[in-house]
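Take a look at the structure set out below.
The values are calculated or read from the model by the stated rules, or taken from the named source; none is laboratory data. Here the structure is a predicted model, which means the values were calculated and not measured. All Cβ positions, glycine included, derive from the backbone under ideal geometry; neighbour counts span all protein chains shown.
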Amino acid sequence: MKALRVLGGERPQLEIADVPAPAPGPREALIRVNAAGLNRADLLQALGRYAPSPGASPTILGIEFAGVVEQVGPSCSRAVVGQRVFGLAGGGAHAEYVVIPEVLLVDVPASMGDVEAGATPEVFITAHDALVTQAGLRSSDTVLVHAAASGVGLAALQLAALAGCKAFGTVRTPHKISAVEDIAKERGIFPEPLICNGDIFDQAVLAGTNGTGVDVILDLVGAAYFQRNCSVLATLGRMVCVGTMSGATASLDLGVLLQKRLRVYGTVLRSRTLEEKAAATAAFARDVLPQIASGRIGPVIDRTFTLEQAADAYRYMAENRNVGKIVLTMR
């Protein structure tokens, strides 16, 4: 099979190589990949700044996929040859074939194409797990989503709107502010979308909440925003830290934390056990997939690249040019 491999060294290089196709083990399925989303974790792994999941290939990238079950291993009871599926992978999805535990497979709705399916699992499972499972999102909550133009950010805004929440989003460039606002208008799914510049988000959020602050923050940025996040959280506010794009070390004013009785959660999907990933996948299938199947919400696709154009796709993400998802197509 053809696969995208990262070659280590001082300046990592990407190459398309012919490698042996994997074989499914017990309770695993071999998936013929049709499309696979590109995520910042893939870029960080290519740069040597993100370790692969335990047991995953250290050189073949890709943590989400959409495709067709080609073969099932011993003891499989759910996966069926010919079934259209999508889901999370520990790695290896930027290839023509990948082996996935069957408990992580989700049926692709008939209304979704391969590209849309390939762009869905990582962002919607991450956003749902962070907002609903970790932060306990309620319809009365006001939500702040950082990096709102990212795949996870746009998924989180849609889930917040679906729950009936008032939502704020931050981005760093005027182009992305207008792009996210246009997406909101076109889809008609964000009630009162307030998109603001990340450099002044604390002023905009406090002004937009009459000084009370927000109930929930989904933060993909990290250290640079941590102190200001605490300052704009309302009493009993909850912050879920998902990314560290601006760094992983921040100072914390314990007085603010104690006075407001804040709760701070750290979460990541990649390092979880198979059972935990299966639970997050099942929650997504139960709560989110019906809304995607009906067309009420869905991934925002920025650009698609073929597998042979993968180096261009990674460069495009590294330049932070995308609004929504970048997807690799295998065929």
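Is it the case, given these coordinates, that Ala29 is crowded, with 19+ Cβ neighbours inside 10 Å, more than 17 Å from Lys277 (Cβ to Cβ) and touching a Gly at 6+ places or on another chain (Cβ under 8 Å)?
no
Quick check: anything in the stretch 167-175 without any contact (Cβ under 8 Å) to a residue 60 or more places away in the chain, under 30 Å from Ala279 (Cα atoms) and either in the same structural domain as Leu289 (by TED's automatic domain parsing) or not in a strand (DSSP E or B) (or both)?
Within the stretch 167-175 (the criterion being without any contact (Cβ under 8 Å) to a residue 60 or more places away in the chain, under 30 Å from Ala279 (Cα atoms) and either in the same structural domain as Leu289 (by TED's automatic domain parsing) or not in a strand (DSSP E or B) (or both)), the answer is no, since none of the residues qualifies.
Among the residues of the stretch 150-205, which ones are touching a helix residue (DSSP H, G or I) at 6+ places or on another chain (Cβ under 6 Å) and farther than 19 Å from Val300 by Cα?
If the condition is that a residue be touching a helix residue (DSSP H, G or I) at 6+ places or on another chain (Cβ under 6 Å) and farther than 19 Å from Val300 by Cα, then Cys196, Asp202, Val205 are the ones that fit.
On the basis of being in contact with an Asp or Glu (Cβ under 6 Å, 6 or more places away or on another chain), of a type outside the set (D, E, K, R) and modelled with pLDDT under 95, does Leu61 make the cut?
Considered against the rule, which asks whether it is in contact with an Asp or Glu (Cβ under 6 Å, 6 or more places away or on another chain), of a type outside the set (D, E, K, R) and modelled with pLDDT under 95, Leu61 comes out as yes.
Filter the stretch 125-163 for residues that are touching a Phe, Trp or Tyr at 6+ places or on another chain (Cβ under 9 Å) and outside any helix (DSSP H, G or I); which is surrounded by the most Cβ atoms within 10 Å (Cβ to Cβ)?
Here the residue is Leu144.
Looking only at residues that are out of contact with any helix residue (DSSP H, G or I) (no Cβ under 8 Å at 6 or more places or on another chain) and in a strand (DSSP E or B) in the stretch 16-32, which one is nearest to Asp107 (Cα to Cα)?
Ile31
If we scan the stretch 221-236, do we find a residue that is of a type in the set (Ser, Thr, Tyr), in a helix (DSSP H, G or I), assigned by TED's automatic domain parsing to the domain that holds Ala155 and in contact (Cβ under 8 Å) with a residue 40 or more places away in the chain?
yes
If you check Ala56 against the conditions, is it assigned by TED's automatic domain parsing to the domain that holds Arg303 and surrounded by fewer than 24 Cβ atoms within 10 Å (Cβ to Cβ)?
Considered against the rule, which asks whether it is assigned by TED's automatic domain parsing to the domain that holds Arg303 and surrounded by fewer than 24 Cβ atoms within 10 Å (Cβ to Cβ), Ala56 comes out as yes.
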